[in-house]
Structures are given as structure tokens and as C-alpha cells.
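Enquirer: The structure's right below; bear with me while I get my questions together.
The values are calculated or read from the model by the stated rules, or taken from the named source; none is laboratory data. Just so you know, these numbers come straight off a predicted model, no measurement behind them. Here the Cβ is made from the backbone with ideal geometry for all residues, glycine too, and neighbour counts use every protein chain on show.
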Amino acid sequence: MLEFLTSRRSYKRAFAERPVDLSLIKKIVESARWAPSAHNSQPWRFIVMLDKERRQVLAREMGILFKDDLVKDALSPSQVEARVKRSVDVFSSAPVLVLVCGEMAGTMDNYPDSHRRDAESTMFIQSVANGICYFMLTAHAYGLATSWYCAPLFAKTTVREVLHLPPTWEPQAFVTLGYPTDFPIRPPKRLPVEAILKFQ
């Protein structure tokens with residue numbers, strides 16, 4: 001199990017042209033349902049984007065917003081164009097692009113005071129993240145590669161409008177999914193256990 005967990009990688013290379021069967025994607029989502037969540041709320045919602053044309057429209061529209069943000073960061077024009085192009089290409093060309101949303105309404109407790117509402121909001125986000133983690137680990141078990149992108153958080157209105165999301169669904173992340181052409185062998189840098197663990 002430990003070897004399985006430590007062998008997963010965020011895959012940012014070219015995917016193989018081999019299609020991913022829809023029944024396999026459904027199995028992966030079936031597994032994600034078993035992720036732990038606050039109050040057993042299960043607030044995750046998965047949208048598998050099958051419409052290539054709509055996906056390209058979304059990637060371009062998000063690219064416009066991304067460009068505006070990068071310009072504010074005082075990047076050079078060439079840096080801006082390169083990063084926007086890379087972003088649009090990633091979301092347009094991945095064999096499968098999954099938008100993960102969260103639905104807080106009706107799943108989490110609604111308190112009258114801001115202190116507890118803020119706590120519920122954090123619990124909601126943590127729960128959706130668990131669902132994404134289970135999704136990615138299950139995909140890895142089936143020999144698929146994934147990568148997690150938070151881009152929808154910076155373009156929520158655009159994502160909602162292009163995909164006609166239900167009003168209570170909140171865009172949280174993209175997950176790219178497909179068969180790898182090769183797989184990174186070198187492990188990513190990780191902090192030593194001593195830096196993240198404290199006994200009291």
C-alpha cells in the first residue's frame with residue numbers, strides 16, 4: 001500500500017491517445033463516493049466534460065481571465081503568452097477533463113453566527129478535497145494518470161456560465177485524466193517527516 005501511495009505522480013506530460021472508457025470513469029467516481037466527509041455530507045459533484053468544443057470555449061475564456069491576472073503580476077508579454085497558451089492547451093487537449101464542484105447547500109449545517117458558518121465552509125472544502133484525492137488514487141490504481149488544477153477557483157463565473165452549472169454547485173478544481181505516455185520516475189521533493197510531525 002505504501003509503495004502504491006508513494007508512486008502516484010501529478011502528471012503534466014503528454015497523454016497517450018488511448019481513450020478512457022466511460023464505464024471506467026464511472027468506477028473511479030464510484031470509489032470517490034467513499035471518501036470521508038464532514039457530517040457524511042458527501043458534497044462533491046463530478047462533471048466529466050465530454051463536449052470537446054465546449055471545453056475549448058471554456059479553456060479560451062478562462063485563458064482571457066488568466067492573462068489579465070498575469071499582466072497584473074508584471075510578467076513580460078512573452079511570459080504571459082507562454083503561460084496562457086500552456087494553460088489553454090492543458091485543459092483543451094487532455095483526454096478527459098473533470099470539473100469537481102462542491103454543493104454546500106443542503107449538505108452542510110447552516111448556523112446563524114459567522115464563526116460556525118466559517119467552520120462549516122472549511123469543512124466543506126476539506127470534504128471536497130478528500131473526494132478529489134480518492135478520485136485520483138483510484139485512477140492511479142487503474143493505471144491512469146491525473147493532475148489537480150485549481151484554475152476554476154479563479155474563474156467561477158465563467159465556469160458556471162459556459163457549463164450551465166446548477167446554481168448551488170461551486171466550481172473547485174479540474175482533474176485531467178488519461179493514460180500516460182511515460183511516467184515520471186524521480187520522486188517529487190517532500191519535506192522530511194521531522195519538519196511536519198510533532199509529538200506532545
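Enquirer: Considering only the range 48-63, I want to know if a residue exists there that is in a strand (DSSP E or B), closer than 15 Å to residue 136 by Cα, modelled with pLDDT of 95 or more and touching a helix residue (DSSP H, G or I) at 6+ places or on another chain (Cβ under 8 Å).
Expert: yes
Enquirer: Moving on to the next point. Between a first residue in the range 17-35 that is at negative phi and of a type in the set (Lys, Arg) and a second residue that is modelled with pLDDT of 95 or more and not in a helix (DSSP H, G or I), which pairs have beta carbons less than 7 Å apart while being 6 or more apart in sequence or on different chains?
Expert: 18/179; 33/42
Enquirer: Just one of 80, 48, 71 is touching a strand residue (DSSP E or B) at 6+ places or on another chain (Cβ under 7 Å), farther than 15 Å from residue 151 by Cβ and free of Cβ contacts under 8 Å to residues at least 60 places away in the same chain; which is it?
Expert: Numbers: 80 fails: touching a strand residue (DSSP E or B) at 6+ places or on another chain (Cβ under 7 Å); 71 fails: touching a strand residue (DSSP E or B) at 6+ places or on another chain (Cβ under 7 Å).
Among 80, 48, 71, only 48 is touching a strand residue (DSSP E or B) at 6+ places or on another chain (Cβ under 7 Å), farther than 15 Å from residue 151 by Cβ and free of Cβ contacts under 8 Å to residues at least 60 places away in the same chain.
Enquirer: Do you know which of the residues in the range 178-199 that are of a type outside the set (Gly, Ala, Ser) and not in a loop (DSSP other than H, G, I, E, B) is nearest to residue 14 (Cα to Cα)?
Expert: 180
Enquirer: Would you tally the residues in the range 64-106 being in contact with a helix residue (DSSP H, G or I) (Cβ under 7 Å, 6 or more places away or on another chain), over 25 Å from residue 180 (Cα atoms) and of a type in the set (Gly, Ala, Ser)?
Expert: Residues meeting the conditions: 1.
Enquirer: Spot the failing condition for residue 133; the list is (1) assigned to a helix (DSSP H, G or I); (2) touching a helix residue (DSSP H, G or I) at 6+ places or on another chain (Cβ under 9 Å); (3) crowded, with 17+ Cβ neighbours inside 10 Å, and only one is missed.
Expert: (3)
Enquirer: Would you mention how many residues in the range 150-200 are closer than 14 Å to residue 97 by Cα, buried (at least 18 other Cβ atoms within 10 Å of the Cβ) and not β-branched (Val, Ile, Thr)? Give the steps one after another, and end with the answer.
Expert: To start, the set of residues in the range 150-200 that are closer than 14 Å to residue 97 by Cα comprises 150-152, 159, 163, 171-179.
Remaining after also requiring buried (at least 18 other Cβ atoms within 10 Å of the Cβ): 151-152, 159, 163, 171-178.
Retained after the next criterion (residues that are not β-branched (Val, Ile, Thr)): 151-152, 163, 171-174, 177-178.
Number of matching residues: 9.
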